[in-house]
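**Student:** Sharing a structure below in C-alpha cells format, with a few things to ask.
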Amino acid sequence: MRQMIAGFTLAAIAILSVTSRSAETPSAIRYLEERRIWLLEGDKSQYAVGVNAAGELIHLWWGPKLAAGDFGSGVIVPVANSTGWGENPQYLEFPAWGEWRYPEPALKVRFADGVRDLRLRHDSHRIESNVLKLVLKDPHYPFAVELRYRVLPRFDLIERSAVLRNGCERPIDVEQALSAVWHLPHLQPWTLSYLAGKWGAETQLRRADLGQGKFQIESRRGATSHQLNPWFALSGTGKAGEEHGEVWYGALAWSGSWKIAAEVNAAGRLQVAGGIHDFDFSWRLEPGAEFETPVFVGGFSPNGFGPASRQMHAYQLAEILPRPAAGEARPVIYNSWYATEFNIDVAQQIALAKRAKDLGVELFVVDDGWFGKRDSDRAGLGDWSPSKTKFPQGLKPLIDAVHGLNMKFGVWVEPEMVNPDSDLYRAHPNWVFHFPNRPRTEQRRQLMLNFARPDAAEHIFRVLDTRLTENEIDFIKWDMNRHIMEPGWMEAPQAQQREIWVRHARAVYDILDRLRAKHPRVLWESCSGGGGRADLGILRRTDQVWTSDNTDPLDRLVIQEGYTYAYAPKTQVAWVTDNPDGVNGRDTPLAFRFHCAMMGTLGVGGNLLRWSNEESAEAKWYVAEYKQIRPLVQDGLLYRLHPHAVPLPSSPAVAGSGLQAYEYVSPDLSQAVVFVFLHSSQLGNDLPAIRLRGLMPGARYRIEVRQPGTGDPAITAQEMSGATLMERGLALRLRGDYQSALIRVRMAE
Ligand code: DGJ
C-alpha cells in the first residue's frame, strides 16, 4: 500500500511544492503563426487570443481544452451594423476607449492635443519561457501597450497585466488603466460569487445572478476594504457547487482603490474588467515613461469551487507568499490586545508572556499602546519610540524576557497614520491628506499620512528600519484603521494630484519591500481593523492576515470560510479570546473557540492572567494538538464538506443548517483532519453523515475523535477504507449548543 501511495504522493506534493518559484515548461504557450493565434495552456484549461484582419487583438477562448485545430481561422469577421445600435461583435482582448466601444474599457487616455480616442492594433509579440508579451500600438500616436500573460499551467492560472509606454513628445493623461478584461464563453445565465461584508464581518461569500447590465464590486477608499474583496468567481447559474461544475475566477494583486466590473451586454455576452479604480484617478505619463498595472490573475476549474480554491491556495504558497517563510510553519501567536488594550507595562507583558509560554505559544506580540503617548486612541500615532512611562528602558527588557522564554517577539505598528496629538503631526502638518478650506476629517481620532509624498514615506521607512535594527524584533503587525478621505496633495503639480491613490499604495509596497530586503527574517502580518487589507498584492509582502476583529467563533466560521474561497488558510490568523466575545456578547465553549481558530494560523488573545488552571490545561492540550495537525491545516488541501454558504443557485448566501464541516488533507493523502461545528442540535435529529473527500479509496485509515484530557479518543478509534469514508461518511453524535469535534484520520500502518 505504501508503495502504491508513493506514486500518488509525488503528484500531490508537486502541487504544493513551496520550495522554489516554478520553472514552468515552455510548452504552455503556442503560437499558431499561419492563423496568428496564441494558445495558452494549463493542465485542464486553455486560453486563446488572435489577430483579425483589421489588426485588432481578439479574445477567442477561455475554458476547457479545445483541439488546437478547431480554432480554424477562429477570428470573427466583423459584421457591420448599418444602424450602429448593436453590440460590436469583436470581443477585444484589451479594449481601449475609442471608435465603436461602449462596454467597460481597459484603457482610456487623453493625448496632449486633446484627442481622447484610442485604437490599438497588434504590433509584435515575444514568448519568454511561460510569459507571452503582446505589443499593441496606436496607428497614429507613438503610444504602445504591452500585454503580459504569465501562464502557470499546474494551477490553471494566468497572471495578466499591462505596461503602457508613451513614445510621444508630449505627456499623455491616462484616465483608466485596468489590468485585464476577461471574456467568458457564451453560456448564459451566469451567477457571480464574491466576498462582501463590513468591519467585523469581512469576506462573507455572496452570490448574485447576473442579467443584462453591470455588476461592479469595488473600493474607492484607497485600500482593499472590509466591504468588498478583489476576488470573483463565475459559474453557469445552478450549474456548479463545491466539487462539480465549471468555475471561472480571478483576483487582483492590488491594495489601493480597485474595481471588478462584470458586464453582460445586450447579446448576453459576459466580460469581467478589473484593476486600479478609475474613480478620481488620472496619471500623467511623461514622454518616454511607463505605467505598469497590477496583476489580475484568472483561473478555470472544471470541477467546482473546491478545486478553484485549492488551486488559489497552492498558487499562493508556491508563487505569492514571501520567501523563505512561505514554506515554513506559521508560529502559534499570543497577542495581548484584547487582554490589555492600551493599558500595558513591562511587568504585565512579561507575566502574560510566561503564561503564553506555558500554553505552548511560539510568538508573543505586543499590540497597540507601546509607543509615544499612546494611552488611548487620542494620541501617539506617528511617534514610533517606546513610551517613556510604560517602557522606561525601551523594548529591550521585554524582548529579552520573551526571547529568554524561547519565544519570538513581535510588535504592532500603524505606519500610515498620525494622531493630531503627536510630535510627527506637529512637525509636519502638511504630510497628511487634506484640502485647503476644508476640515481634516478624523476617524478614530487619526489622520492619514500621504505616502505619495516621498519625504513622508521615507521618514516612515527610516523609523521602522531603525526600530528593526536596534531591536531583535521577529514579527510586525502592520495595521491600518482608517481610509483615505479629502485626498488633497496640493504641493504636487495639478496633473499629478489624482495619482495619490496609486502612489500611496505603491509606497506602502515599497516600504515593505525595502524592509523585507534589509530584515529578511522578520515575519509580517497585514491588518486593517481586522481583514480590511487582504489581497494578493499585500500577500506578496506579508506572511499572514489578521482576518477580522470579530472573534466570536460562530461569526468567525462564516468569515473564515469566505476567506478560503480566495486565500490560503495558512495566511489566516485567528485568536481564541475570552467570553463573552466583543461583537455579539456570546459565550461559547473553549473547545468551539479553539477548533475554529485552529483552522488557519492559531493564536490566543484572552487575558491569560485570568484563566483558571483547568482552562489553561485545556488550552495547552489544544495548542499541542494544533502543532501536530499544523502541516495539514497550513499546507494541506482544504475541502469545505458542509459550508455555511448555501450551494448554488442562491442569491445572496443565507445561513446554513447549523452544521459546518471542513477537512484538511495532507499533500501525500496519508492524513486528514476534520473539524465539525454544530450551532444547536434540534428535535433530537442526528447529524447527516459527514462524507470525507480527497482520500485514497483503497487505503485504510484510522479515525479518532480527539478531545482534551488524556488524549484518548472520545469514541473508540475505528478503521475504515478511504472509499467508505468518502461514500458512507462518518456518523457523529453531537448534542447541545456550540458543539464541535476534531477528527484525526491517519493511514493505518
Ligand atoms: C485594530 C486591529 O484589528 C486590532 O487587532 C488591534 O490591533 C487594534 N487595531 C489596535 O488599535
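The values are calculated or read from the model by the stated rules, or taken from the named source; none is laboratory data. Since we're looking at a predicted model, the values are computed, not measured. Methodologically, a virtual Cβ is constructed for each residue, glycine included, from the backbone with ideal geometry; neighbour enumeration extends over all protein chains shown. Protein only, heavy atoms only, side chains kept; ligands, DNA and RNA dropped before computing areas. Shrake-Rupley method; radii C 1.70, N 1.55, O 1.52, S 1.80 Å.
**Student:** Hey, does the range 96-110 have a residue that's free of Cβ contacts under 8 Å to residues at least 12 places away in the same chain and closer than 30 Å to residue 33 by Cβ?
**Tutor:** Looking for residues that are free of Cβ contacts under 8 Å to residues at least 12 places away in the same chain and closer than 30 Å to residue 33 by Cβ, one finds none in the range 96-110, hence no.
**Student:** State all residues of the range 134-175 that are open to solvent by 30 Å² or more (accessible area, probe 1.4 Å) and either of a type in the set (S, T, N, Q) or in contact with a strand residue (DSSP E or B) (Cβ under 7 Å, 6 or more places away or on another chain) (or both); if no residue qualifies, say none.
**Tutor:** Residues satisfying the conditions are 137, 139, 148, 150, 165, 167, 171, 175.
**Student:** Related question: Just a yes or no: is a residue in the range 326-347 open to solvent by less than 10 Å² (accessible area, probe 1.4 Å) and assigned to a helix (DSSP H, G or I)?
**Tutor:** Yes, the conditions are met somewhere in the range 326-347.
**Student:** What residue, among those in the range 413-429 that are among the aliphatic types (A, V, I, L, M) and either more than 16 Å from the ligand (Cβ to nearest atom) or assigned to a helix (DSSP H, G or I) (or both), is farthest from residue 469 (Cα to Cα)?
**Tutor:** Among them, the one singled out is 427.
**Student:** For the range 280-329, give me the residue count where each residue is more than 26 Å from residue 146 (Cα to Cα) and in contact with a Lys or Arg (Cβ under 6 Å, 6 or more places away or on another chain).
**Tutor:** 2
**Student:** If I filter the range 374-412 down to residues being aliphatic (A, V, I, L, M) and under 30 Å from the mean Cα position of the chain (by Cα), which single residue comes out as farthest from the ligand (Cβ to nearest atom)?
**Tutor:** The extreme case among them is 407.
**Student:** To continue, here is another question. Considering each residue of the range 566-585, count those that are within 21 Å of residue 610 (Cβ to Cβ) and within 16 Å of the ligand (Cβ to nearest atom), and give that number.
**Tutor:** Number of matching residues: 8.
**Student:** Next up: Show the residue pairs meeting these rules: Cβ distance below 7 Å; 6+ apart or different chains; first residue within the range 377-391 and over 20 Å from residue 446 (Cβ atoms); second residue within 15 Å of the ligand (Cβ to nearest atom) and acidic (Asp, Glu).
**Tutor:** none
**Student:** Right, next: Being open to solvent by 30 Å² or more (accessible area, probe 1.4 Å) and either within 18 Å of residue 694 (Cα to Cα) or modelled with pLDDT under 95 (or both), is that true of even one residue in the range 658-666?
**Tutor:** No: the range 658-666 contains no residue that is open to solvent by 30 Å² or more (accessible area, probe 1.4 Å) and either within 18 Å of residue 694 (Cα to Cα) or modelled with pLDDT under 95 (or both).
**Student:** For residues that are crowded, with 22+ Cβ neighbours inside 10 Å, within 17 Å of the chain's Cα centre (by Cα) and assigned to a strand (DSSP E or B), tally how many sit in the range 180-203.
**Tutor:** Result for the range 180-203: 3.
**Student:** I'm told residue 482 meets every condition in (1) open to solvent by 40 Å² or more (accessible area, probe 1.4 Å); (2) within 25 Å of the chain's Cα centre (by Cα); (3) under 19 Å from residue 525 (Cα atoms) except one. Can you identify the failing condition by its number?
**Tutor:** (1) is the only condition that residue 482 fails.
**Student:** Among the candidates 432, 402, which residue alone is open to solvent by less than 10 Å² (accessible area, probe 1.4 Å), in contact with a Lys or Arg (Cβ under 7 Å, 6 or more places away or on another chain) and β-branched (Val, Ile, Thr)?
**Tutor:** 432
**Student:** Looking at the range 679-690, which of its residues are touching a residue at least 24 places away in the same chain (Cβ under 8 Å) and open to solvent by 10 Å² or more (accessible area, probe 1.4 Å)?
**Tutor:** 679, 680, 681, 682, 686, 687, 688, 689
**Student:** Something else now. Evaluate the range 713-722: report whether one residue or more is modelled with pLDDT under 95 and under 28 Å from the mean Cα position of the chain (by Cα).
**Tutor:** Looking through the range 713-722, none of the residues is modelled with pLDDT under 95 and under 28 Å from the mean Cα position of the chain (by Cα).
**Student:** Any chance the range 249-272 includes a residue that's surrounded by 18 or more Cβ atoms within 10 Å (Cβ to Cβ) and within 30 Å of residue 357 (Cβ to Cβ)?
**Tutor:** no
**Student:** I want to confirm something. Restricting to the range 549-565 and keeping residues that are of a type outside the set (A, V, I, L, M, F, W, C), within 16 Å of the ligand (Cβ to nearest atom) and part of a helix (DSSP H, G or I), which single residue is surrounded by the fewest Cβ atoms within 10 Å (Cβ to Cβ)?
**Tutor:** Ranking the candidates gives 555 first.
**Student:** When only residues in the range 348-373 that are assigned to a loop (DSSP other than H, G, I, E, B) and within 15 Å of the ligand (Cβ to nearest atom) count, which is surrounded by the most Cβ atoms within 10 Å (Cβ to Cβ)?
**Tutor:** 370
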